[in-house]
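I have placed the structure first, in the form of structure tokens, so that the comments after it can refer back to it.
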């Protein structure tokens, strides 16, 4: 066998191995509930926290063609609390931080495709900008949010000030949830009692998690969403560690579909 043939075969083997690892080719699809996590929607910008409007529309079109039905977080809570069945192919679409670009670009597409989504709000920043980050992106006001139809968008908690909850005590987390719920009620917004942990961070030690769960339950919160990049197997178990799949503007269509079917792109 010639030297160049050996090189070609070796290169082909490396390429196959890379694709196998990158796209989890030998990992079977997981049946369950994928929870998709988005942040910003922009007409042109694509990065780790921003998908374009065209990308988002392509995601909704693919979900629709594949037979997925978008559920609300309230339906998810009813499933956990009361065992109410979910659709055959459920998907939960979520947005973090309450950016006005979600209202401008995402909501019309959700309505067009007959989907709904949950937006998790950093309550003290409503009507301001993303002060926990670079402060350049406007956050929707309560009035702007209230103008959106409830069949398109529901609202959950993302802490009061977009704080890292891993650094807080269970009592502080519970108090934060109470203040967030009270403020949203004061501003006239109907809230679904679900909390998405900012930065995906929350107490990890078992005893700290149990204390957090007790405080959140006492505050009226019914579930917590982390990141994790996994599909949630049904029936759902750990209500305070529901896993979401991080959707990035840098994802290719193949990567998006792989994430939706398997939870993540890489095996490690």
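Read-outs: derived from the displayed coordinates by stated rules, not from any lab. Given the structure is predicted, the values throughout are model-derived calculations rather than measurements. Glycine gets a Cβ as well: all are built from the backbone with ideal geometry, and neighbour counts include every protein chain shown.
Side notes on the structure shown:
- Most mobile of 142, 44, 124 in a GNM of the chain (Cα contacts under 10 Å): 44
- Sorting 180-188, 88-96 by their mean Cβ neighbour count within 10 Å, with the most densely packed peptide first, gives 88-96, 180-188.
- Segment residue 233-residue 254, length gained on full extension (0.36 nm per residue, minus Cα span): 5.3 nm
- Sorted peptide list for 229-237, 34-42, criterion being average Cβ within 10 angstrom, highest first: 34-42, 229-237
- The peptide list 242-253, 194-205, 143-154, put in order of mean Cβ contacts within 10 Å with the highest first, becomes 194-205, 242-253, 143-154.
- Pairwise centroid distance, computed over Cα atoms, of the range 41-77 with the range 177-215, Å: 24
- With contributions of -39500 (n - 2.57) from each DSSP H run of at least four residues, the per-residue ellipticity at 222 nm computed over the chain stands at -11000 deg cm²/dmol.
- Projected label distance in nm at residue 46 and residue 218, using a 7 Å step from Cα toward the beta-carbon: 4.9
- Computed E for residue 261/residue 111 - FRET, C-beta separation, R0 22 angstrom, nearest 0.05: 0.25
- Distance from the range 85-107 to the range 236-268 (C-alpha centre basis), Å: 15
- Cα long-axis angle, helix 73-82 against the chain (0 to 90 degrees, to the nearest 10): 80
- Whether the range 81-176 is rounded, prolate or oblate, judged on the alpha carbon gyration tensor where a/c under 1.5 counts as rounded: oblate
- Among beta bridges identified by DSSP and lying wholly in the range 121-268, the antiparallel ones come to about 10 percent.
- Ordering 259, 266, 128 from the fewest to the most neighbouring beta carbons within 10 Å gives 266, 128, 259.
- Cα gyration tensor category, rounded, prolate or oblate, for the range 51-108 with a/c compared to 1.5: oblate
- Relative contact order of the range 32-262, defined on C-alpha pairs under 8 angstrom at six or more residues apart (%): 23
- Sites residue 61 and residue 199, calculated FRET efficiency, Cβ-Cβ separation with R0 30 Å, nearest 0.05: 0.50
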